[in-house]
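*Asks:* Handing you a structure now.
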Amino acid sequence: MRRRLLQALAVTPLLACSANGPARGPGPWTAWQVMRASSVTPDGRMVDHNNTDQRSTSEGQSYALFFALVDNDQPLFDRILRWTEDNLAGGSMAQRLPAWLWGRDTTANAWKVLDDNPASDSDVWLAYTLHEAGRLWKRPALRQTAEAMLAAVQVQELVDVPGLGTMLMPGPKGFATEDTWRFNPSYVPLPLLRRFAALDPTGPWTTVIGNSVRLLRDTAPHGFAPDWTAWRDGAFIADPDKGPLGSYDAIRCYLWAGMTAVNDPSFRSLLDALHGPLSTLREGQPMPEKVNTLTGTREGTGNYGFQAALVPYLQAQGEADRAKAMAASLPTPEQQRAAPPRYYEQVLSLFAIGWYEGRYRFAADGQLRPSWA
């Protein structure tokens, strides 16, 4: 038995490292350098060129901050953090959760916050990245900001839902009525929640983890996660606004699940619940762009970001050959450099292929293990 286990770890070193050890050093991160050159301004703003308002979002800023940490680039990290605080959080994320949307207001002909409601997905990524950067770079001020953000998240974005328990809402405003609560399953990456629970063992995060795993399990009857869902009268229902669609938000659910440490208590049950993409690929079909999560009906073919997001998922499912083939089919950094910037496709690829190449891992307690550390 022990020999078979060691043999399995030998042929899947990337998956094995996700449990405990640090990731391996893979060399310069060319794909991130390409995106930096096209989409990150000198002062630290991640630009989404796919929208006419040339917007920046708290999501994009949180992802850019994480990539800068993984790349061990403190000067860039500081510029991204400074822009985010100055433009989205009134100068301090320790005092205010950042607005989710900033861009060009054509009516006023000005660059400004377009929607000041925070988004909890970026809030948890920002808090996580700041905490891990403070630990890895030995910068206590970053950890203090992270702790202040998590305290604000608990007050403003955690809600005790009747019949369900404590849940992370998508934001402080606009997602709950008297009898209905709306959720986005991709907003609860398990490794990040594990880290918060480890840092605050008596806090709410262990409960949030259990309820979030239930959400992912109960809303995927055909193994596909929905973009949005809702809770009403003691059960999850199709989202009142978005319906049972699984598409551009839900693709991140498979990505986060695939990058979860193999010795996380929910690792296997989460992958079993999200079996839809694996079954689809085994049928010889591509990952669809859209899925009706209640019927399993599939439509279209997902872009290369969708394909990239499945690489860690396939590796975690024991499909190393499929993962390798999927990774090899993606646009190279040189091809991405020659094409117009594609914000979402590129960030999905950076998360997925950066993980696959061994640039970082999440430990069982959610701790970040970058290759340089």
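Values quoted throughout were computed directly from the atomic coordinates according to the rules given, and no laboratory measurement underlies them. Because the structure is predicted, anything quoted here is derived from the model rather than measured. Because the Cβ atoms are built from the backbone with ideal geometry, glycine has one as well, and the counts that use them run over all protein chains shown.
*Asks:* Could you work out the local net charge near TRP228, counting Lys and Arg as +1, Asp and Glu as -1, over the other residues with Cβ closer than 15 Å to its Cβ?
*Replies:* Its environment carries a net charge of -1.
*Asks:* From the phi angles alone, apply the Karplus equation (6.51, -1.76, 1.60; θ = phi - 60°) to the range 169-182 and give each ³J(HN,Hα) in whole Hz, x where the residue is Gly or Pro.
*Replies:* Residue by residue, the range 169-182 yields 6, x, x, x, 10, x, 10, 9, 10, 4, 10, 9, 10, 9 Hz.
*Asks:* Give me the net charge for the shell around ASP43: Cβ to Cβ below 10 angstrom, other residues only, Lys and Arg +1, Asp and Glu -1.
*Replies:* +2
*Asks:* Grab the DSSP H runs of the chain that are 4 residues or longer, score each as -39,500 (n - 2.57), total them, divide by all residues and round the 222 nm result to the nearest 500 deg cm²/dmol.
*Replies:* Per the formula, -14500 deg cm²/dmol.
*Asks:* A follow-up question, please. May I ask for the percentage of alpha-carbon pairs in the range 40-156 that lie more than 18 Å from each other?
*Replies:* So the portion of pairs separated by more than 18 Å is 46 percent.
*Asks:* Where the centre of each part is set by its Cα atoms, how far does the range 299-373 sit from the range 217-282, in angstrom?
*Replies:* 19 Å
*Asks:* Also: Taking the alpha carbon gyration tensor of the range 103-177, what are the square roots of 5 times its eigenvalues, largest first, to the nearest whole Å?
*Replies:* 25, 23, 8
*Asks:* A follow-up question, please. Give the long-range amide H neighbours of TYR360: residues separated by 5 or more places, or on another chain, with amide H under 5 Å away, using H modelled in the peptide plane at 1.01 Å from N.
*Replies:* Amide H neighbours of TYR360: SER371.
*Asks:* So what is the relative contact order of the chain, in percent, for Cα pairs below 8 Å that sit 6 or more residues apart?
*Replies:* The value is 19 percent.
*Asks:* Please give me the summed charge of the neighbours of ARG79: other residues whose Cβ is under 14 Å from its Cβ, Lys and Arg +1, Asp and Glu -1.
*Replies:* Result for the local shell: -3.
*Asks:* State the Kirkwood hydrodynamic radius of the chain in Å, one decimal place, computed from all pairs of distinct Cα atoms.
*Replies:* 20.9 Å
*Asks:* Per 0.36 nm of contour for each residue apart, how much would the distance between THR106 and ALA339 grow if the chain were fully extended, relative to their Cα-Cα spacing?
*Replies:* 81.2 nm
*Asks:* About its Cα centre, how strong a charge dipole does the range 267-349 have in debye, to the nearest 20, once Lys and Arg get +1 and Asp and Glu get -1 at the Cβ?
*Replies:* With only Lys, Arg, Asp and Glu charged at Cβ, the dipole is about 60 debye.
*Asks:* For the range 152-197, I need the span (max minus min coordinate) of the C-alpha atoms along each principal axis, in Å, sorted largest to smallest.
*Replies:* Principal axes ranked by extent give 32, 21, 17 Å for the Cα atoms.
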